[in-house]
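Student: Next up is a structure, given as structure tokens.
The values are calculated or read from the model by the stated rules, or taken from the named source; none is laboratory data. On a predicted model such as this, the values are computed, not experimentally measured, just so you know. Cβ placement follows ideal geometry from the backbone for every residue including glycine, while neighbour counts extend to all protein chains displayed.
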Amino acid sequence: MSEIVVNARDVTKVYKMGEFDVHALRGVSLDIARSEVVSIMGPSGSGKSTLMNVLGCLDRPTDGEYLLDGEKVENLSDDQLSSIRNRKVGFVFQSFNLLPRQTALTNVVLPLRYAGVNNQEAHERAMAALEKVGLGDRIKHRPNELSGGQQQRVAIARSLVNDPAVILADEPTGALDSKSGQEIMELLLKMNEEQGTTLIFVTHDPRIAAMTQRTIHLKDGLVEEDGL
């Protein structure tokens with residue numbers, strides 16, 4: 001049996017909207033094993049963004065239990081949540097989320113700075129991550145000097161640099177043309193193949209889901225279907 005890296009049990013999330021309660025998640029249970037490649041799909045309002053925020057430690061569940069790489073998450077303070085997020089989770093977003101005035105290298109170094117890694121080691125690890133995504137010759141370029149596909153590669157390097165337990169990719173090809181999108185998917189899947197990186201894609205694109213090992217369908221805040 002593979003080691004479980006994401007373990008959620010009866011996770012709920014309720015938001016207050018004025019005097020109303022909005023039940024975004026209504027009791028989600030799922031396990032994701034280390035090195036697995038999973039897609040989470042569902043229509044708008046199904047709860048997939050909320051689930052991504054909980055799995056990525058951007059938010060806490062209202063109720064239920066969540067263990068990330070063996071660590072209990074649901075009762076952590078904001079500082080503890082921030083710490084586990086920086087150590088255990090890499091994010092790849094549709095909009096890249098790079099700092100516009102910083103070079104590719106500085107963008108990738110940032111998570112290491114937050115983790116307290118010394119400057120020389122942070123520099124070396126960031127350089128290695130950029131080499132890995134094919135951007136060793138673009139380390140001094142700022143985001144506006146890079147194509148969309150190259151910016152997403154910088155984001156992938158940044159997500160990998162702390163050797164996270166899981167990478168969460170939210171519509172990672174959404175802002176790219178089809179050729180660049182295909183290259184980004186191939187790059188992420190290669191990381192999984194070579195390094196055993198656990199990948200979770202949140203997507204509405206069936207072409208992305210078809211490239212993953214397993215698809216979890218959400219509907220109305222519940223897991224409707226979980227299978228290959």
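Student: Within region 25-45, work out how many residues are more than 30 Å from GLU194 (Cα to Cα) and at pLDDT 95 or above. Lay out the reasoning, then the answer.
Tutor: Pass one, region 25-45, residues more than 30 Å from GLU194 (Cα to Cα): 25-28, 43-45.
Pick out the ones that are also at pLDDT 95 or above and you get 25-28.
The number of residues fulfilling the criteria is 4.
Student: On the basis of being in contact with a helix residue (DSSP H, G or I) (Cβ under 8 Å, 6 or more places away or on another chain) and within 30 Å of VAL22 (Cβ to Cβ), does ALA165 make the cut?
Tutor: Working: in contact with a helix residue (DSSP H, G or I) (Cβ under 8 Å, 6 or more places away or on another chain): yes; within 30 Å of VAL22 (Cβ to Cβ): yes.
So ALA165 passes the test.
Student: Would you check if ASP10 is part of a strand (DSSP E or B), among the acidic types (Asp, Glu), at pLDDT 95 or above and closer than 25 Å to GLN195 by Cα?
Tutor: On the way: part of a strand (DSSP E or B): yes; among the acidic types (Asp, Glu): yes; at pLDDT 95 or above: yes; closer than 25 Å to GLN195 by Cα: no.
Here the answer is no, as ASP10 does not meet what is asked.
Student: Could you check ASN144 against (1) of a type outside the set (Phe, Trp, Tyr); (2) in contact with a Pro (Cβ under 9 Å, 6 or more places away or on another chain); (3) more than 22 Å from ALA8 (Cα to Cα); (4) buried (at least 20 other Cβ atoms within 10 Å of the Cβ) and say which number it fails?
Tutor: With (1) of a type outside the set (Phe, Trp, Tyr); (2) in contact with a Pro (Cβ under 9 Å, 6 or more places away or on another chain); (3) more than 22 Å from ALA8 (Cα to Cα); (4) buried (at least 20 other Cβ atoms within 10 Å of the Cβ) applied to ASN144, the lone miss is (4).
Student: Any idea which of (1) touching an Asp or Glu at 6+ places or on another chain (Cβ under 9 Å); (2) surrounded by 15 or more Cβ atoms within 10 Å (Cβ to Cβ) is the one HIS123 doesn't satisfy?
Tutor: (1)
Student: Are any residues in region 184-201 in contact with a helix residue (DSSP H, G or I) (Cβ under 6 Å, 6 or more places away or on another chain) and modelled with pLDDT under 95, and if so, which ones? Walk me through how you get there before you give the answer.
Tutor: First pass over region 184-201, keeping only residues in contact with a helix residue (DSSP H, G or I) (Cβ under 6 Å, 6 or more places away or on another chain): 184, 197, 199, 201.
Once the filter is applied, which keeps residues that are in contact with a helix residue (DSSP H, G or I) (Cβ under 6 Å, 6 or more places away or on another chain) and modelled with pLDDT under 95, region 184-201 yields ILE184, THR197.
Student: Still on this structure, please answer the following. Hey, SER39 hits all of (1) surrounded by fewer than 19 Cβ atoms within 10 Å (Cβ to Cβ); (2) small (Gly, Ala, Ser); (3) not in a loop (DSSP other than H, G, I, E, B) but one; which does it fall short on?
Tutor: Failing condition for SER39: (1).
Student: Looking only at region 130-155, which residues are part of a helix (DSSP H, G or I) and farther than 11 Å from ALA104 by Cα? Full working, then the answer.
Tutor: Step one: of region 130-155, the residues part of a helix (DSSP H, G or I) are 130-132, 143-145, 148-155.
GLU131, LYS132, GLY148, GLY149 - these are the residues of region 130-155 that are part of a helix (DSSP H, G or I) and farther than 11 Å from ALA104 by Cα.
Per-residue answers, yes or no, for (1) among the acidic types (Asp, Glu); (2) free of Cβ contacts under 8 Å to residues at least 12 places away in the same chain; (3) more than 16 Å from VAL5 (Cα to Cα); (4) not in a strand (DSSP E or B):
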{"position": "GLN80", "(1), (2), (3), (4)": "no, yes, yes, yes"}
{"position": "SER83", "(1), (2), (3), (4)": "no, yes, yes, yes"}
{"position": "ARG87", "(1), (2), (3), (4)": "no, no, no, yes"}
{"position": "GLY90", "(1), (2), (3), (4)": "no, no, no, no"}
{"position": "SER95", "(1), (2), (3), (4)": "no, no, yes, yes"}
{"position": "LEU98", "(1), (2), (3), (4)": "no, no, yes, yes"}
{"position": "LEU105", "(1), (2), (3), (4)": "no, no, yes, yes"}
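Student: Name the single residue that is surrounded by the most Cβ atoms within 10 Å (Cβ to Cβ) among those in region 13-36 being closer than 25 Å to SER2 by Cα and in contact with an Asp or Glu (Cβ under 8 Å, 6 or more places away or on another chain).
Tutor: The first filter runs over region 13-36 and keeps only residues closer than 25 Å to SER2 by Cα, leaving 27-36.
Add one more test, that the residue is in contact with an Asp or Glu (Cβ under 8 Å, 6 or more places away or on another chain), and what stays is 27-30, 33-34.
Values: GLY27: 15, VAL28: 25, SER29: 14, LEU30: 18, ALA33: 16, ARG34: 15.
My answer is VAL28.
Student: So how many residues does region 182-211 have that are exposed (fewer than 13 other Cβ atoms within 10 Å of the Cβ) and part of a strand (DSSP E or B)? Spell out how you get there, then give the answer.
Tutor: Taking region 182-211 and keeping what is exposed (fewer than 13 other Cβ atoms within 10 Å of the Cβ), we get 186, 193-196, 206-207, 210.
Now narrow it down to the ones that are part of a strand (DSSP E or B): none.
Total satisfying the criteria: 0.
Student: Let me ask something additional. Of (1) in contact (Cβ under 8 Å) with a residue 40 or more places away in the chain; (2) crowded, with 21+ Cβ neighbours inside 10 Å, ASP69 satisfies all except one. Which?
Tutor: The one condition ASP69 does not meet is (2).
Student: Mind checking which residues of region 212-228 are surrounded by fewer than 16 Cβ atoms within 10 Å (Cβ to Cβ) and either of a type in the set (Gly, Ala, Ser) or in contact with a helix residue (DSSP H, G or I) (Cβ under 6 Å, 6 or more places away or on another chain) (or both)?
Tutor: GLY227
Student: Just one of THR50, THR62 is within 14 Å of the chain's Cα centre (by Cα), farther than 28 Å from GLU194 by Cα and not aliphatic (A, V, I, L, M); which is it? So that I can check it myself, show each step before the final result.
Tutor: Numbers: THR62 fails: within 14 Å of the chain's Cα centre (by Cα).
Only one candidate qualifies: THR50.
Student: Between a residue in region 172-187 that is more than 14 Å from VAL133 (Cα to Cα) and any residue that is aromatic (Phe, Trp, Tyr) and assigned to a helix (DSSP H, G or I), which pairs come within a Cβ distance under 6 Å, given they are 6 or more apart or on different chains?
Tutor: none
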